[in-house]
């Protein structure tokens, strides 16, 4: 026996749903809407015809606010509806902003084929503002914690960077004095003066590079990714940590593959991960006054991901600490905050990778991976 739901029962079901629902026929015209749809239209001063809905072309409605839709959400929604109505896909979904004057709002529109031999589709708009706001707040908190971790890294590097800056500044002062002396001599020796100017510029550029590297590292690092060779943030981190390594009499070694490995990352945040791992390794070596003082960085890849390994000749990780080093406020370093590795793991995982410690190795060995960048990712 075939049973067909009475129209009034079907309408009652639609009205009970909190999402704004519109049922379309095969041409994209509205044949039914629910109470949530009508209420939303009234509260947002929508076109009167759109409030009642029936007979109104939903495809035309997608372009009613074209001037206020620079991202083309209406056009994308129209294309999705047409694809579902034509049977090219069974469903379509899109998240879009729809801010009110007094509050930010986001919605998800889903378009689903009626199916069961019926031509048409169901369009539903669901308010996802609480989820989006929670994600934004979570992201803001992660960024603030990452900034705090960077500040802690700079505290570790501060003494070495001050010492590193003192050298080019002292040399620049010396070359300035030499220029003043040469300028008073008669006749003027232009070739010696030009040579002194070049030397002065070199030292100033060296000091600027140190300051620029520190300024770049301290910048707020939102997770905006870009394709880049993984060796760039790795080399930038090594350059930033080099003064600390020299001060602690530790040699930094790096092994790179012959061909560049491209990943889709935020270079600044991956640099932060590297700085943290390198600083931890150098401090571990210095803490126990190891006679062999080497930190090695190995970069390699397989078909799916890049792997970066940082190993040192320090005391290694005790079994007790191996399970705790990625927890916030857990650290063996008296000068640390216990945030670096926790934030580093968060950053790596946000990029789709993994960060872990190798237990039982001689010295500490930490690995992290990042997915490779495929050409189609940017098409």
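Here, each number is a calculation from the coordinates, and none is a lab measurement. Please read these numbers as outputs of a predicted model, since none were measured by experiment. Don't worry about glycine lacking a Cβ; one is built from the backbone with ideal geometry, like all the others, and counts go over all protein chains shown.
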### Task
Can you check how the C-alpha radius of gyration of the stretch 7-127 compares to 2.2 N^0.38 Å, as a plain ratio?
1.01
## Note on the structure
The alpha-carbon pair-distance distribution computed for the stretch 218-299, with 10 angstrom bins and whole-percent values, is 18, 45, 28, 9, 0
### Summary
Fewest to most Cβ atoms within 10 Å: 295, 13 sort as 13, 295
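Of the peptides 15-22, 32-39, how do they stack up when ordered by the mean number of other Cβ atoms within 10 Å, highest first?
On the way: 15-22: 16.6, 32-39: 19.6.
Ranked by mean Cβ neighbours within 10 Å, highest first: 32-39, 15-22.
What ranking do 282-290, 251-259 get when scored by the average of other Cβ atoms within 10 Å per residue, highest first?
Numbers: 282-290: 17.4, 251-259: 11.8.
Going by the mean number of other Cβ atoms within 10 Å, highest first, we get 282-290, 251-259.
Within a 10 angstrom radius of the beta carbon, how do 98, 118 rank from fewest other beta carbons to most?
On the way: 98 16, 118 11.
Sorted ascending by nearby Cβ count, the order is 118, 98.
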